[in-house]
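Worksheet: the structure to be examined is printed underneath.
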2 protein chains.
Amino acid sequence: MASIQPQQIYDVVVVGGGPAGLMASLCLTTYGFNILHIDERAHPTTAGRADGIQPRTIEVLRNIGGVSTAPVPGGPITGQSPIGGGGIAKKMIGQGVRVYQVAFWDPTPTEKLARTSRAPSCPEFIDVVDNYTLLLHQGLIEHAFLDEIEARRTVLPDAKPTPPSGIFRPYLLRDCRTLPGNASDALSGTHPVECVIEHADSKVKHTIRSRYLLGCDGAKSIVRRCIAGGEVGDGEWQGKITMQGEATDIIWGVLDARVKTNFPDIKYKCLIHSKSEGSIMIIPREANLVRFYVQLQTTDGGKVVSIARDKATQDICIARAKKIFEPFELEFGYVDWFSVYQIGQRIASQYTLDHRIILGGDATHTHSPQAGQGMNISMLDMYSLAWKLNLVMKGLGKPEVLLPSYEHERRGVAEELLKFDGAYSRLFSGRGPDASQLPGGVDAEKFIQMFKQNAFFTSGCGAIYSANELNALPDAALLKGPHARAFNPRGMKLVAGQRLPPGRVTRVVDGNNVRLQQEVKMNGAFRIHVFAGDLRATKGALDGFAAFLDSPASFFNRHRPSVGVTASIVDGPAALTSHPDSTRNVHRHNPFFTFLTVVGTHWYEWEINDLPAPLRLYRAQVYGDALFDRLVADAGTDAPLHRKFGIDLQKGALVVVRPDSYVGAVVDLSEDGWLGLNDYFAGFLKVPEQHVRARF
Amino acid sequence: MASIQPQQIYDVVVVGGGPAGLMASLCLTTYGFNILHIDERAHPTTAGRADGIQPRTIEVLRNIGGVSTAPVPGGPITGQSPIGGGGIAKKMIGQGVRVYQVAFWDPTPTEKLARTSRAPSCPEFIDVVDNYTLLLHQGLIEHAFLDEIEARRTVLPDAKPTPPSGIFRPYLLRDCRTLPGNASDALSGTHPVECVIEHADSKVKHTIRSRYLLGCDGAKSIVRRCIAGGEVGDGEWQGKITMQGEATDIIWGVLDARVKTNFPDIKYKCLIHSKSEGSIMIIPREANLVRFYVQLQTTDGGKVVSIARDKATQDICIARAKKIFEPFELEFGYVDWFSVYQIGQRIASQYTLDHRIILGGDATHTHSPQAGQGMNISMLDMYSLAWKLNLVMKGLGKPEVLLPSYEHERRGVAEELLKFDGAYSRLFSGRGPDASQLPGGVDAEKFIQMFKQNAFFTSGCGAIYSANELNALPDAALLKGPHARAFNPRGMKLVAGQRLPPGRVTRVVDGNNVRLQQEVKMNGAFRIHVFAGDLRATKGALDGFAAFLDSPASFFNRHRPSVGVTASIVDGPAALTSHPDSTRNVHRHNPFFTFLTVVGTHWYEWEINDLPAPLRLYRAQVYGDALFDRLVADAGTDAPLHRKFGIDLQKGALVVVRPDSYVGAVVDLSEDGWLGLNDYFAGFLKVPEQHVRARF
């Protein structure tokens, strides 16, 4: 078989086949785009590197779902989504191990090393389904992505051919730039990005045009160097984009190995401080491996000094580990991987120069690995960017609002991570602000306190976005508008800029107990949650909202893509069921919006047909709220989710959840509320020309 | 590739490739045996047939688990089980749909058809994790089994080759018999069963010898006819084994189809009675299919009569369905499968004549399909037989006790099913005892009441075994023995002859939250649960039990298989961890027993090393009991599982769970208790010669 060659034109070029690049490719493939994905490595990761998936990332992976491979008797079913279930998340969960608990080991007055504290890795107050860290090596993670991307490409119409791995490798990026507008260049309006890639072995070069290019090529990003314009060699630190922050002289070794030990907590995440030999973090891993992060320091004339990076060998690392573990036995067997890193925190001064070539992941932020955050934040960078690109590329999103919001939101999270990581990694290495005074160099109590305080952030659930056009918080410009009073009703616990927490409801169409959060898989659509409260009280408001939705002035009708444009390959709108209503009714589906109606009145007491037309047409997304939730145990089965979310049963509420499952806006179920939503969507969505002409 | 031919000698021949035969093959493969599995059909089921998996069956499938396919860096790991996770169950759950709720539709004084009641398919009082019926067509179920069998065969040492499907097909059984002992027949002592099989196309015959032969070949079982000795044609009803019971004249059609309808509950299990047109049951299915069970009757001069079986066409079935659904619209699209059946209940007078050729599944009991029980009970027949055969074939079980217990236990369940099914199917068909007086023929209220009362049984959790050597109930002979008073302590809610209910605990070795019930996968071993209660009160008793276990007189040391014999390919004893204790200690593993220690004292307050040696060596099976359980909400996190199971925290208890996850015996954690367990095991396990000689 002749090897498959890259084409000349793509929607998006993704540089880098690590978790960030794979997330970009998976999301953009789901949205129906043709991707050129290149990586300079000849093969996916085989060992080591990142390994911790945090609760919020698992939630996201669950929401991405999986392509069903079950045969469909009688051929494909119209309107049936090919995506469902736990998919990529379940695959990873099946291969990894879980950390529910963290143990802290320190010297005590009586013992050389003793467990001084414990903590759940995800404390109870964090409302998340997968309340653990999932550990598996980066290669397994990459393969799960590659398999799922390949499965989705089979659903993609007009998919361009790729090599069996889905990624062109080994290919190096030689250059990339955004071309200025040029009347003689037919592509300059639509595909202004040009890049040159080169096969690492054959040295054959290809010049590619695309609409966007994403630099997911890691800390030493070539994309970043190309656009920043720095010199080769120092390009990472110079030019139009600079990496801000600093490195320390603290050197750590990292090792994946099988061990024999009588240390009782070898299958826990442990943070171990010895009296004078430095610190270790261990993390249990799949296949009986243990990951060791070992501080490489030694004592020079009573003063603690780091071991030089070039002298930090695997043997030294193992010797240090045994020393720190004393008095426990620790015997090393098979070693799967070894590496050395230097603690430091750096962040790119800008994530993009022109919103055409866009950086993310390690290309924009680097930090120490101990908090298990890097891969998670990197993947979620691309997850966050992809749905915005989707709206923009399909002509519905305002690029001038949506694209800058990527950096605004993700840089905020990265900055918070760096702040936390800087303090945490120094404190763990015995270099905290007050640490120098302590004999062992480490303030154990302070460190444990810091660990516990940051659990919300490290779980990923604490990645909170601030006010902008997409997050209707009190500071947002939108909330100075005419319908401001309808936003963020009193008592409401759902907050724009934060993820929608989980909740179990009964899906009325089939009586199944389901997780509301996971009902709509990532499909590029905004999820309009109609919390209908007590139907007796809210009937009038529901009818009003329904009438508004079907009016030409509603966001639902104003912001429509061109005919034939779908939001994603997952399109299989809940509206198009086998119920005859769906063809009799004039309601025309808009793939960028979907409606989920949650009713507080017990679902035995009403029928889907009692709901007004636009809502009842999404038959598969109508829910009863009567399943016990321990977090609101007092509610029993009487609308527990309304109560957990702080929704007044007499009033109801409208909650917009963005395609990335972040809450975007929360308004009253009232005319002011839905007009407010109209303003909200008008802030970042276009009113395409043809609709304006056709309808008014 | 030349087609693979059967060998001449196997451990077990399994006749029939439906769910019962597949369960037999999967279990016996797991126990390490070589199976000849034949089926007369050329391919697995492609459509229709059975489709409902009940909660208890899902629990069993979860316990069977799946072979991990994740690559193991650095090669295989000693003592690591290849089986884990949800495996075969997760695969089926991912492909099927769930029924949580049942709706009852009947004529009312004002409406032709109205929903008159609802019921959960598995009410809250049934303590089961998967509280729904899982629906998917039999072909998907068969393929899940075939894939898992194939995966396990790769782990099996000396596996004999099979065709890619794992089953030799199409092969017909031509004869089978148990040969009398014969000194000139070298195999007669070990492999007394002879069968002749014939390839359906080539007509090539093979004569096979085996230790056992299992007849899982359905209602018209050829195995049954061979051993019963009846005439061809009437062999099913004559000879040494007779089918007892009777058929009715009630004819039903069954149809898998896609429909368009405004009937609101099309995705529920519905039991629909029309005023005078008969009844329908619908069940939602994967891929938007709906299963229809349609009563085929018509009115003849005001009298309701069944449509003759040979006149019951698909078109008539569809016409009846539309009529019964009135006034709702019902339009049929793609039809995947159609069949007709006659309601009747029959049970074999004996399941075996000599405990060498053994019948199970539909070969021993037939009934109507509406209760969704047949496939479940058939699979569980073989699941129940397999572990007993395992003990017997490995020389540890007493065949004269274990083999008859198969029929004793499973026939009891089948009889209960037939009793229920007879009443239920007749009542549903309008032929209940009081039904004739009613205008519509159906007593809706009585029917609904009956449905709800039988939910415990139909969930599969109510399949209860009575006293025998394996179930230490008050009526068992064992309970007339010297240690009788230690059995079934006051307040204990675990009952011998019933499944162990679920409960969540914290696995201390890694702090994971796990389901105790699923911790030990089906591996042929007895699971000795040590409920240790409050360690301060039970320490002495625990030490006593530990000392007893390591004494030569304990069941653990008396009932050992020959050297090198394992209980299953899942052997990967929790005792053999990477902890150095495991090699330093003299405790010699016995693969037919495993120990799970559950401690009521909060697990933050003690260490695994505080437990006495035999128990702490099963490091991966030591648990803390501090996870909230809604069923004992009052307990909070203070030993909720002890409280749910009715275990006195001051006394603890020993609970033997059989390899099929049924409770076998419950005793005090006291000397009387463990001596009682010694008597319990002596009732059905041998003391192999060499051990007696070696040790006493």
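Bear in mind these aren't lab numbers, they're just calculated from the coordinates by the rules spelled out. For clarity, every value in this text was computed on a predicted model and none was experimentally measured. We place every Cβ from the backbone using ideal geometry, glycine too, and count neighbours over all the protein chains shown.
One table, with the values for the structure above:
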read-out: Residue-averaged beta-carbon neighbours from other chains (10 angstrom radius) around A:81-88; value: 1
read-out: Loop chymotrypsin sites (Phe, Trp or Tyr not before Pro), segment B:39-130 (other Cβ atoms within 10 Å of the site Cβ: 12 or fewer; DSSP); value: B:PHE125
read-out: Segment A:110-121 - phi-based ³J(HN,Hα) in whole Hz, Karplus 6.51/-1.76/1.60, Gly and Pro as x; value: 9, 10, 5, 8, 9, 6, 9, 6, 9, 7, x, 5
read-out: Partner chain coverage, peptide A:509-516 - average Cβ within 10 angstrom; value: 6
read-out: The protein assembly as shown shape via C-alpha gyration tensor axes, a/c threshold 1.5; value: oblate
read-out: Extreme residue, positive dipole direction of chain A, given options A:ALA463, A:PHE451, A:LEU675 (C-beta unit charges); value: A:LEU675
read-out: Under 14 Å, Cβ to Cβ, from A:PRO107 - net charge with Lys/Arg +1 and Asp/Glu -1; value: -2
read-out: Antiparallel DSSP beta bridges within the protein assembly as shown, as percent of all bridges there, nearest 5; value: 75
read-out: Filter on A:LYS90/B:LYS90; A:LYS112/A:LYS322; B:LYS269/B:LYS303; B:LYS275/B:LYS446; A:LYS493/A:LYS644 - keep pairs with C-alpha separation over 19 Å; value: B:LYS269/B:LYS303
read-out: Karplus-derived 3J(HN,Hα), 6.51/-1.76/1.60, for each residue of segment A:207-223, Hz, glycine and proline x; value: 9, 10, 10, 8, 7, 9, 9, 10, x, 10, 9, x, 4, 9, 2, 6, 4
read-out: Neighbouring partner chain Cβ atoms per residue of B:257-269, average, 10 Å criterion; value: 4
read-out: For segment A:477-695, diffusion coefficient by Stokes-Einstein and Kirkwood Rh (Cα), 4 °C, 1.567 mPa s, µm²/s; value: 74
read-out: Cut-off 15 Å (backbone N to label point 7 Å along Cα→Cβ of A:ARG309), residues of segment A:265-303; value: A:296
read-out: Whole-number percent relative contact order across chain B, with pairs defined as alpha carbons under 8 Å at least 6 apart; value: 14
read-out: Cross-link reach list, lysines versus A:LYS394, counting only Cα pairs under 18 Å and skipping chain neighbours closer than eight places; value: A:LYS686
read-out: Rounded, prolate or oblate (a/c below 1.5 giving rounded, otherwise prolate when a/b exceeds b/c) for segment A:580-677 by Cα gyration tensor; value: oblate
read-out: Surrounding net charge for A:GLY361, when Lys and Arg each add one and Asp and Glu each subtract one, Cβ distance under 9 Å; value: -3
read-out: Highest to lowest packing among B:192-202, A:252-262, scored as the average C-beta count within 10 Å; value: A:252-262, B:192-202
read-out: GluC sites (Glu not before Pro) restricted to segment A:593-686 and DSSP loop, no more than 15 other C-beta within 10 Å; value: A:GLU607
read-out: Loop-located GluC sites (Glu not before Pro) in segment A:33-121, at most 16 other Cβ atoms within 10 Å (DSSP); value: A:GLU111
read-out: Over segment A:240-330, relative contact order from alpha-carbon pairs under 8 Å, at least 6 apart, %; value: 33
read-out: Burial ranking of peptide ranges A:171-177, B:15-21, A:521-527 (average Cβ count within 10 Å, highest at the top); value: B:15-21, A:521-527, A:171-177
read-out: Relative contact order, percent, segment B:477-695 [alpha-carbon distance under 8 Å, six or more residues apart]; value: 35
read-out: Extension gain, A:GLU416 back to A:ALA114 (0.36 nm per residue minus Cα-Cα distance, nm); value: 105.5 nm
read-out: For the protein assembly as shown, calculated [θ]222 nm from helices alone, where every DSSP H run of n ≥ 4 adds -39500 (n - 2.57); value: -8000 deg cm²/dmol
read-out: Between segment A:618-647 and segment B:92-167, the alpha-carbon center distance in angstrom; value: 27
